[in-house]
Every structure is written in structure tokens, then in C-alpha cells.
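Chemist: I have a structure I would like to understand better, so I am pasting it below and will then ask my questions one at a time.
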Amino acid sequence: MDIAGDFLPPTIEWFALSPYIALVAGALILLLGSLTPQWPRGWYGLVSATSAGVAGVLSVLQFANLADELPRTLVKGALAHDRFGLLALIAICVAVVFTSMTTVDADTSDSLEHFALLLTAALGAAIMVTANDLVVSFLGIETLSLSLYVLAASDRRRSASQEAGLKYFILGGFASAFLLYGIALVYGTTGQTSISGIGSTLAGEVSVPRNDAMLLAGVALLLVGFGFKVSLVPFHSWTPDVYHGAPTHVTGFMASLGKVAAIVALVRLFVVAFPTRADDWRPAVFALAVLTLLVGSVLAIVQRDVKRMLAYSSISHAGFMMVGLEAAGRIGSSSASDGVSSALVYVVLYSVLAVGSFAAVSVVSQHASDVTSTSEGQSTTSLDAFNGVAKTNPVFALGFTVLLLAQAGVPLTSGFVAKFGVIRAAVSTESYVLAVLAMVSAVIAAYLYLRIMVSMWLSVPASGEATSALAPKLSLPLRVTLVSAVAITLVLGVLPTWLLDVSDSLALFAR
Amino acid sequence: MVDFVWLVPFLPLIGGVVLMVFGSRIGEPRAGWLATLVTATSFLVTVAVYFDLLGMPSEERSHVVTLFQWIPVGALQIDFALLADPLSITMALFVTGIGSLIHLYAIGYMHGDPKFSKFFLYLNLFVFSMLMLVLGENLLVTFLGWEGVGACSYFLISFWHTRNSAAVAGKKAFVTNRIGDWGVMTAMFVAFSAVGSVSYKAINDAAHEGAMSQTAISAIAILLFVGACGKSAQLPLYFWLPDAMEGPTPVSALIHAATMVTAGVFLMTRVGPVLAESYGWVPDTIAIVGAATALFAASIAVAQHDIKRVLAYSTVSQLGFMFLAIGSGAYVAAIFHMVTHAFFKALLFLGSGSVIHGMHHEQDMRKMGALRTAMPVTAFTFIIGWLAIAGVPPFAGFWSKDEILLYVYADNRLLYAIGMLAALLTAYYMTRQVIMVFFGEARWHDAASEHGAHGDFRPHESPKVMLIPLMVLAVLSVVGGAMQLPFSKDLHFLEHWLEPVVEEAERSISGTWAYDNKYVLLLAAIVVAAAGIALALAVYARRRLPAIEPKALENAWWYDATVARLVGGPGAATFRGITRFDSQVVDGAVNGAAALARGVGSQVRRSQSGFVRAYAVILSLGTVVLLAWFVWRGWLAS
């Protein structure tokens, strides 16, 4: 027929799409499970961990394949197939595997919805990090966000969890509206939604009359939308409340996966689509980075609750990633690509630290709620709950300490590699002010990690005598998670060679 | 064989590691035998390497053995490499050779010490570090050994750390040496920035070919000399060495007489071309410091009563002679004297240790006397050592000291006069010591009661393990001079051997008055030695003249006390001031910043009210500001 003759179906590279398929398949298997009686404990987690693990391995294979293939787009330009997105995809899969393992042990009921939501959230994140089209990207954002809203509210016994879910939902809706309006304005000026297409259109429009005010208004709204997801100051206000209220393992999941997805999408959008407008957005990114760095670290140190502390610290980390984006905005500089790769490396390394740290917090808070079940209302994640943990369980405390040191950016940990990368990018693009502010902020934030360490190692436990009977108990999946996170942190901290070797190829975008 | 030179330091390291792990299980005396065995094996390997080198043409006698790439960082490429050449092998020969003898001796001396095996662990580690120092192909490997010997020296000085004086002496040696280490490190930095390498060959070649500015060359030379002053106990950093005598006597012999303290002389010889190309005042400074130290320390030795302190000041004085030689361009003579000095000073120290051992740890010479009958072997060997150091022909010390003075005469006659005076004093105080210890009347009967001996306190001769090293060293002290006899060019064995290393720097004195009339100078040296001995005999044996031992000399010109008071008084006050500055101003700034951060945080925190409407307002305000910025930019563009 005529119609069939005109319609050219897109060539679909099924293998390149296999990670997404693996994630969807896992979610579908779990949802089909709702038709069957309750599965034995741990099986739901096994399914989600396995499908994320398969997706991760497939991503690693494709990452390796791209060593001798050029980056390209998939499905008629809807998705980008490049190392930049794939490294983020690997980090997402790792975060899902870790979170599945910590969730198995969590206090919330062993429900299949929970794990299915982890996988759909991962799917949304996976689409965000590789989307080469604003509409596809928006689909990813919504898939991710809706899953996270539900996950945040999933602890039905705690009103704080309900409140967190609702707050996140309302404010997230706000941000989505801004984002969508931004997409509309950009489409209005350039006539397309493809990210690489926008880039080439804007690069080629020398003689065309420019309507920059409208375009840049769109850019501003896009920055707001993504800035909300990344929790940049002043779009961060939801972060402490939601991180605090959500179940702890969900918080770790949001901090790692949400941040990876949003940062990677933001960097791709700005560097691929708007390099010609870098002079306009770079000062805004600069201002956001400064605010985020300082507010994040200063507010972190006055908190008394460890989850809130880590929430503010995640804001401060987002500021560091913005330092990388700011460097990437120096388009003329030869080091601009360092900015791109350093921001990516930072968020990938942070995602491991975040999952590990929040898993450690969940261990302590679980323990605290077991011990002091009578005193209702008192938070089980206050700093006091960490007093003397090192005396009852020194190995666990040591592992947590390594993760905290890494977050503080101490050398020989992955956190140092991350911080060094963005600061070096800032210095080599001559953004000295930002480099100095980032280092100052790192120093301020170090105080917060030290407070937790001091509490663990030097303070006396609240319950008085420290006996091993009172030690927090760690199940096998939790142990595996913590040990793996610590191992990744130390190995990449001591031998960052591999990361540094691939970092050049990370900045090659599919266009 | 030369490729196996790495075995030389490696064997003592193995010994040290074995003793570290199994030391207490091996126990006494096997730990001592093990340590002695590895050092002796290392000596044999060195001898093999020596003959290997000897079989090669002289210009090929320099072998670099690279073990691994140590520091490959950008332009900084440092290999962990050893250099086997005549100089390093000469050093390694006497370090391992004398080291083995002293190990053997220590088996007897340390008998019954509760930390017996630990002592040998330190000794082995010391030998390893010392060998790294002399065999290093570049400044950094040498510096590794340099720090290693410093640390081992510190452990060994304060080996009996329950004695307060030993602990204090160890600390003093350590702190003083840090000043010298600063010099070596800074020299290394300068060399790297000027040459781009820290290997000796690169530095020496750059200096010789003029690839470096003369200022850089002089800076490297003078900074290394600062390091050498610390390690080799020269003015003004000498004062740790006499206190280092708190350590066990084998330590004094090995580290503080024969090997470690000569590291500075070795380093100066190693960078001879750098010294030769630096500004004229650099060698002059070295010569003046050496001469001043030689005289100063000899004058102090005249009035000491502790048997080991006499020898300690004597060591400082002899090291001064070596630096005098370096400053006068007589590198071969400096190495020559270093080797002979290692023989006779090790002999004297071990002899004094034997005396102390026999006297039940009495070190005051005023409580000795007439010991030659009680310990004949010790007395006989000690007397040989005395003749060697006093400069009596044909003993070893005579030839080497004469060689130095010959070059000094050609260089500067005032320094020659000072050297002669120091030589006179040397003969004097050594004669005094021999008379006080081995001749005259026995004064140890009075001392018997102090030691709680049961009325029959008698000094006794030491066991065989201690006497054999004494005899070997005595023989060497007699014949050591044969290495380099002045009579004919054919007899300059050491000079021919060292020629490839020192040819660029060695000063030529042929044709000067001193060279043509060297027998006159030889005679003068004999006269001076004889005068010193005669004077001491007149004072202490015949008692014709009153003993001149003024308090000023006994207290070492109050130099040590003055330094102590300066460091303890104004010095400590300065450091307290700095601490106060640090705690109040620097910490205050840091604490202030922290307080500020907390204060601001507490204020801003109020905005985090928990109400969604408030958050929405913040979000919207932020959006408005961002929008305003971008729209303004867009409006400007269009």
C-alpha cells in the first residue's frame, strides 16, 4: 500500500537496546508475580537484582564495544549510544543491585511492588541518561519521578514517609511544568526536539534572524527543571525533608540514581544542544554552583540528624558536579571536555558512596529502633544513635568511616579522584574562583563527616555499656553491599588509572 | 659478578628481616652469629665485585645496575639503581669488612643483654642502609640510605633507652641530623630543577660541561656540604657525636667512627666535579670548616676523662682533616684517610670497649691505670692504634695524614699550620689516654667498692670473639698505609684505583714547592708527632710538667651548654611564640570561619520550615531570577 511504502520503519539495534529490555522484563516478571501467591522472602529482590545485574553486564559489554565503534544514535535519533551515557547506565544498574539487596532486609514488607518500582525507576533513569530528544528525556524523567514519589511514601507506618512522598510529588509537579514549558519554548525557536538537532540548528543559524530571548527563556526553564532533580540551590528545598522522610534505603536510591540521571541529562543537554549559548548559561551555572556548594556544606554542619546531614551533603556534591559543567561551558578551551568527563566521573563515583552510606545509616537506625522501641517519635537516625558504634561493631564502623572519608574527598579514596577531577577541570579552564570555592566548601563539609566519625569512634553509647550483644546486626546482602561499596571506593581511589584512561572517550557524544 | 652487586645490600636486609620476625626465637648467641654471617657474606660478594672491576680497563669500571623504575612521574624519572664503581666499592669493602668484625665483637660485648637479638637487627639494618647510601646511583637512593643510617643510629644510641642520658643523646643526634637532611633534600630539589635529574652522573656531567649556572652548582655544593656537616659532625653541628657515645661501644665503633660519620666525606667526593666547578669560596669554606673542626675538637679531647669521649672528639677532629682534604682538592687523600681512620679508630673504640667490659662498665680514665698487665692483648692492640693515629711511621695513619697535609700545604699555608697544630694535639691526647689507661699506677682498687664488688675486683681480659677483631684491625692499622705510599707514582695504588671517579675534581699539585719537597714535609710531620708524644710523656708519665686541663676544655668550650641554653631559652621562647600564633591567630581564623559557618547555617536553616508552600515560593523566586538573567541576555543579543 501507499502508506506502507512511505513509512520507513526505524532500524532497531536490539542488542544496543538490551539493557532497557532487561530492566522492563524484570519489572514485568515482578508485576506478573502479583497474580501468584506471595513468593518466599528475598525472591522479589533476587529478581530485581538479577535483571539489573544483567542490564549492567550488557551495558559493560556495549561500553567495551564502543572502544572501536563511533558513538551513534539509536531508534531514529531518539537515544544516544555513547560512552557518556553508558557509564551512567552502568552506575544506575549498580545502584539498583545494591538497593535491591539492602531493601530485602529493610523493615518494610517484602512487597513485589517495591522492587518493580526500583526497576521502573531505573528504566526512567536509563532513558534520561541516553535520551537524545527532549520529549524522550521528559518521558524518562516522569517514569523516574513517579516511581520515586511512590517509593518515598512506601513506608506506610510512618507519617514522615507519607509526607515526604506528597511533598516530593507536589514540588516535582511544579518542576515538571517548568521543564515542559522550557521544552516548548526551545521547540518554538528551533523547530525541533532532538538534542543534537537543536545543537546543529543553532550552530548553523548565522544569517537567520535570532529570537534569542525566547530560546534563552527556554534554556532557563530547562535549567530550573533539571536543577530541581539535581537539587541545586535554590531548587533544593525539597531535598532535606524528602531524604529525611523517605525510608533510608530509598533515600540512598534517590541520592544515587536520581542524581546520576539528572546530572547526566543536564550535561548532555547543555553541552550538545546549547554550546553556542555557553556564554549565556555559564554564568548562571556558575552562580548555581557557588550557591549550591556553600549552602549545601554550611547547612550540613548544623544538622543533628545523620540523614539530613547526608541530604545536605548530597546538595553540596551536586555543587561539585556543577563545577564540572561550568568548566565544560568554556567551549573554546581545550580542557572543556575535561569538565564533561569529570562531572560524569564525579556523579558515578558519588552514586556508589551514596548507596553505601545510606545503607550504613539504615543499619544503625534499624538497630536503634529495635533497642528503643518504646520511645516513639524520637528519630532513629539522630547523631546520638551513632554513639559508640565502633565499640560494638568495629568492622562495620571502619567500613562506614571509609565511605565518609571518601565523601570528604580524602586521598586514596574514590572521592578524592572525583573532587580532584572537577577542580582540575576548573583550574585548567581558568575558573579559579570556582576552584577555590569548591575547595573551601570541601573543607567545611569535611566537618560534617568528622562529626559522624567522632560520634562513632569516640563517644559513649547511649545505652551505657557496650556489648557485642547490642551490636547492630548485618544480614548477608547488607554485608555484601557494604563490602562492595567500600571495595569500589578504595580500589578506584588507589588505582584510578582505568577511569582516567577512559575519561577522554567519555566526552565523545553521539550526535 | 658486578651485576650481582645488589646482593651486597640485600644480604644484610635479609638478615635484618629474619631477625625482625624470628629474632626472639633465634635468641642469643645465634642471632649474633646470623647477623655476622650475612655481613661477612656481603663482604665476600663485595670482594668478588672488586676483583671483577679490577679486571676491567679503568675507564669501564663504572656499572649501573637498575633494579626497577622507582618514581616515573612526568619529567621526574628516578630509577632504583645501584652504582658499582671504584669509589662505591671501596666504601662497601670497608663498610662490610669492618662491619663484620664489629658484628663478631658485639657477640661478646652484648653478652647477656636482654635485647640481644634486637641489637643485631639494628646493626644489620644499619649495614643495609649504609650500603644503599654508598652504592646509590642517584641522590634519592643515597638519601634513602642516609635517612636509614640516621634512624638506625638513633635507635642504637638510645639502645639502653631506660637510661635518661641515652634517650636524650639519641634525640639530640636525631634533631641535629635533621638540619643536615634539610640540606641534602634542598640540594636534591635544586639539582632536579637545574638538571632535571638527580643521578650523580647527570649532575656531575652537567657541572663539568657547564650545562648549569655556576650559582646553581654552588648552591648544590654548599647545600650538600650542610648535609655532610650534620652527618659527619663538623662545626657547628658536631655536638651530637660525643653524646652519641651513650650507645653500646660496638655501635660507637661501627657507626660513630668507621662508617656513618664518613658519609659526608663520601658524598663530597661523589659530587667532586660539582665542587670543582663551584665558586671559589665553596671549597675554601669546606677547608676552613674542616681545619677549624680538627683543631677545635682536638683541643677538647685534651681534657676529657671519659675514655670514649676522648675518642669521640678525636673522631670529630679526624673528620675535620678529611674535610680539610676535600676543601683542598685532595679527594684521594680524603678517602685514604677515611679508610685508615676506619681501621685504627674502630680498633681504638673496640679496644676501649674491651677495657670498659673488663672494668665492669667503668669509663672514667681516672679510675683506670696499669691495665696492660690485666689485659695484655687489648693493651697491645690499643697501642698499635695509638701509634697509627698519632702519626708515627710506618703505621697507617701517618701516611694518610701526611698525604692530606701535603695537599693542604700546596693550597694554603695557614691551614697547614692549623693542621699541624691539630696533629700535635692528636699525638698529645692519645698518648695521655694510653698512659692513663694502661700505664702508671692502678687506681681501680679504690673503685672496687663503688661497684659493689666483693673485695676481689680485678679487671679481666675479654673473650676471644672480642679479641680476634682487635687483632685483625691492628694488623690493618699497621699495613693500611701500603695502599698509597708517597715514594713513587707506582706505589699510588689507591689513586690509580679511584682515578676514574675523581680525575675531574682532583687537584694537581705536581710542580709545586710542596710536591718537590715532600720529604721535608714528611719529616716535619714526624717531628710534630714525636713532639706531641714527648710532651704527653713529660706531663703524664714523668710528671715533669703540670697537667693543663682547664675547665674550658673539659667542658668543650661550653659550646654544647651555650647551644643548649640558646635552644632552651630564647629558642624555646620563639617556638612557644610561634605555637601561640598558631593556636590563637591561625586556629582562631579557622575556628572563626567555623563559627561563622555555623552561625550562618543556623540562620539560613529557618528557611527550611517544612511547609510545601514556602518551598514552592523559594523555587519560584529562583526561577524568576534565572529567567530574568537569560531573557536579559537574549534581549541584549537581539
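The values are calculated or read from the model by the stated rules, or taken from the named source; none is laboratory data. Quick caveat, the model's predicted, so the values are computed rather than measured. Reconstructed Cβ throughout: ideal geometry from the backbone, glycine too, with neighbour counts over all protein chains shown.
Chemist: Among the residues of region A:163-198, write down those that are under 21 Å from the mean Cα position of the chain (by Cα) and among the polar types (S, T, N, Q).
Modeler: A:Ser176 - this is the single residue of region A:163-198 that is under 21 Å from the mean Cα position of the chain (by Cα) and among the polar types (S, T, N, Q).
Chemist: Which residue pairs have Cβ atoms under 9 Å apart, sit 6 or more places apart or on different chains, and have a first residue in region B:622-634 that is more than 7 Å from every other protein chain (Cβ to nearest Cβ) and a second that is in a helix (DSSP H, G or I) and hydrophobic (A, V, I, L, M, F, W, C)?
Modeler: B:Val625/A:Ala287; B:Ala628/A:Ala220; B:Trp632/A:Ala213; B:Trp632/A:Leu216
Chemist: With the requirement that a residue be at pLDDT below 95 and touching a Pro at 6+ places or on another chain (Cβ under 7 Å), what does region A:103-139 give you?
Modeler: Across region A:103-139, the qualifying residues are A:Val104, A:Asp105, A:Ala106, A:Thr108.
Chemist: Here's something else I'd like to know. Are there any pairs, at least 6 apart or on different chains, whose C-beta atoms fall under 7 Å, with the first in region A:89-105 and of a type in the set (A, V, I, L, M) and the second outside any helix (DSSP H, G or I), and if so, which?
Modeler: Listed by first residue and then by second, the contacts come to A:Val104/A:Gly42.
Chemist: While we're here: Against the definition (touching a Ser or Thr at 6+ places or on another chain (Cβ under 9 Å), at pLDDT below 85 and farther than 22 Å from B:Ile300 by Cβ), how does B:Ala442 come out, yes or no?
Modeler: Yes.
Chemist: Okay, next question. I'd like to verify a number: residues in region B:271-290 that are within 22 Å of B:Val198 (Cα to Cα), among the charged types (D, E, K, R) and out of contact with any helix residue (DSSP H, G or I) (no Cβ under 6 Å at 6 or more places or on another chain), how many?
Modeler: Residues meeting the conditions: 0.
Chemist: Sticking with this one: Of the residues A:Ser362, A:Ser333, which is more than 14 Å from chain B (Cβ to nearest Cβ), touching a His at 6+ places or on another chain (Cβ under 8 Å) and not charged (D, E, K, R)?
Modeler: Answer to the check: A:Ser362.
Chemist: Further, regarding this structure: Read through the list (1) of a type outside the set (Lys, Arg); (2) closer than 19 Å to B:Phe323 by Cβ; (3) within 20 Å of the chain's Cα centre (by Cα), then give the number of the only condition that B:Val175 fails.
Modeler: Answer for B:Val175: the failing condition is (2).
Chemist: Another question, then. Based on what the data block shows, is B:Tyr519 surrounded by fewer than 16 Cβ atoms within 10 Å (Cβ to Cβ) and at pLDDT 80 or above?
Modeler: Yes: the conditions hold for B:Tyr519.
Chemist: Identify all residues within region A:47-65 that are aliphatic (A, V, I, L, M) and crowded, with 18+ Cβ neighbours inside 10 Å; write none if there are none.
Modeler: A:Val47, A:Ala49, A:Ala52, A:Val54, A:Ala55, A:Leu58
Chemist: Oh, and also: Of the residues B:Val624, B:Val528, which single one is assigned to a helix (DSSP H, G or I) and within 30 Å of A:Lys167 (Cα to Cα)?
Modeler: Just one listed residue meets the conditions, B:Val624.
Chemist: Being in a helix (DSSP H, G or I), modelled with pLDDT of 90 or more and within 18 Å of A:Ala360 (Cβ to Cβ) narrows it down to one residue among A:Gly415, A:Gly493; which is it?
Modeler: Going through A:Gly415, A:Gly493 in turn, just one is in a helix (DSSP H, G or I), modelled with pLDDT of 90 or more and within 18 Å of A:Ala360 (Cβ to Cβ): A:Gly415.
Chemist: Hey, could you check region A:213-252 for residues that are among the polar types (S, T, N, Q) and over 30 Å from A:Pro275 (Cβ atoms) and say which is nearest to the other protein chains (Cβ to nearest Cβ)?
Modeler: A:Ser237
Residue-by-condition table, conditions (1) closer than 19 Å to A:Ala261 by Cβ; (2) not in a helix (DSSP H, G or I):
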| site | (1), (2) |
| --- | --- |
| A:Leu58 | yes, no |
| A:Ala64 | no, no |
| A:Asp68 | no, yes |
| A:Leu87 | yes, no |
| A:Ile92 | yes, no |
| A:Val96 | yes, no |
| A:Thr102 | no, no |
| A:His114 | no, no |
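Residue-by-condition table, conditions (1) part of a helix (DSSP H, G or I); (2) free of Cβ contacts under 8 Å to residues at least 60 places away in the same chain; (3) under 15 Å from the mean Cα position of the chain (by Cα):
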{"site": "A:Phe253", "(1), (2), (3)": "yes, no, yes"}
{"site": "A:Val264", "(1), (2), (3)": "yes, no, yes"}
{"site": "A:Leu291", "(1), (2), (3)": "yes, yes, no"}
{"site": "A:Gln303", "(1), (2), (3)": "no, no, no"}
{"site": "A:Arg308", "(1), (2), (3)": "yes, no, no"}
{"site": "A:Met322", "(1), (2), (3)": "yes, no, yes"}
{"site": "A:Ser333", "(1), (2), (3)": "no, no, no"}
{"site": "A:Ser337", "(1), (2), (3)": "yes, no, no"}
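Chemist: Hey, another quick one. Under 9 Å between Cβ atoms, which residue pairs at least 6 apart in sequence (or on different chains) link something in region B:299-310 that is without any contact (Cβ under 8 Å) to a residue 60 or more places away in the chain with a partner that is in a loop (DSSP other than H, G, I, E, B)?
Modeler: none
Chemist: With the structure loaded, tell me whether A:Phe270 is buried (at least 24 other Cβ atoms within 10 Å of the Cβ), at pLDDT 90 or above and among the hydrophobic types (A, V, I, L, M, F, W, C) or whether it fails that test.
Modeler: So A:Phe270 passes the test.
Chemist: Considering only residues of region B:597-610 that are touching a helix residue (DSSP H, G or I) at 6+ places or on another chain (Cβ under 9 Å) and more than 7 Å from chain A (Cβ to nearest Cβ), which is surrounded by the fewest Cβ atoms within 10 Å (Cβ to Cβ)?
Modeler: This residue is B:Ser609.
Chemist: What's the number of the condition B:Thr186 fails, among (1) outside any helix (DSSP H, G or I); (2) within 24 Å of B:Val563 (Cβ to Cβ)?
Modeler: Failed condition: (1).
Chemist: Shifting gears a bit: Answer yes or no as to whether A:Ala442 is over 23 Å from B:Gly601 (Cβ atoms) and either in contact (Cβ under 8 Å) with a residue 24 or more places away in the chain or out of contact with any Cys (no Cβ under 8 Å at 6 or more places or on another chain) (or both).
Modeler: Criteria not met by A:Ala442.
Chemist: Only residues that are farther than 25 Å from B:Gly622 by Cβ, at pLDDT 90 or above and either outside any helix (DSSP H, G or I) or among the aromatic types (Phe, Trp, Tyr) (or both): list them for region A:194-241, please.
Modeler: Passing the criteria: only A:Ser194.
Chemist: Given the conditions (1) under 25 Å from B:Leu53 (Cβ atoms); (2) assigned to a helix (DSSP H, G or I); (3) small (Gly, Ala, Ser), report the number of the one that B:Ala81 does not fulfil.
Modeler: Condition (2) is where B:Ala81 drops out.
Chemist: Scan region A:400-437 residue by residue and report those that are free of Cβ contacts under 8 Å to residues at least 24 places away in the same chain and not aliphatic (A, V, I, L, M).
Modeler: Within region A:400-437, A:Phe420, A:Tyr432 qualify.
Chemist: Checking the conditions here, which among B:Leu144, B:Leu140, B:Leu156, B:Leu133 is in contact with a Ser or Thr (Cβ under 6 Å, 6 or more places away or on another chain) and assigned to a helix (DSSP H, G or I)?
Modeler: Among B:Leu144, B:Leu140, B:Leu156, B:Leu133, only B:Leu133 is in contact with a Ser or Thr (Cβ under 6 Å, 6 or more places away or on another chain) and assigned to a helix (DSSP H, G or I).
Chemist: Could you tell me whether any residue of region B:309-324 is surrounded by fewer than 24 Cβ atoms within 10 Å (Cβ to Cβ) and assigned to a helix (DSSP H, G or I)?
Modeler: Yes: region B:309-324 contains one or more residues that are surrounded by fewer than 24 Cβ atoms within 10 Å (Cβ to Cβ) and assigned to a helix (DSSP H, G or I).
Chemist: While we're on this one: If only one of B:Leu101, B:Leu139, B:Leu135, B:Leu156 is at pLDDT 85 or above, at negative phi, in contact with a strand residue (DSSP E or B) (Cβ under 7 Å, 6 or more places away or on another chain) and not charged (D, E, K, R), which one is it?
Modeler: Exactly one of B:Leu101, B:Leu139, B:Leu135, B:Leu156 is at pLDDT 85 or above, at negative phi, in contact with a strand residue (DSSP E or B) (Cβ under 7 Å, 6 or more places away or on another chain) and not charged (D, E, K, R), namely B:Leu135.
Chemist: Oh, and also: Criterion first (at the interface with chain B (Cβ under 10 Å from one of its Cβ atoms), farther than 15 Å from B:Gly622 by Cβ and touching a Ser or Thr at 6+ places or on another chain (Cβ under 9 Å)) does A:Ala300 satisfy it?
Modeler: yes
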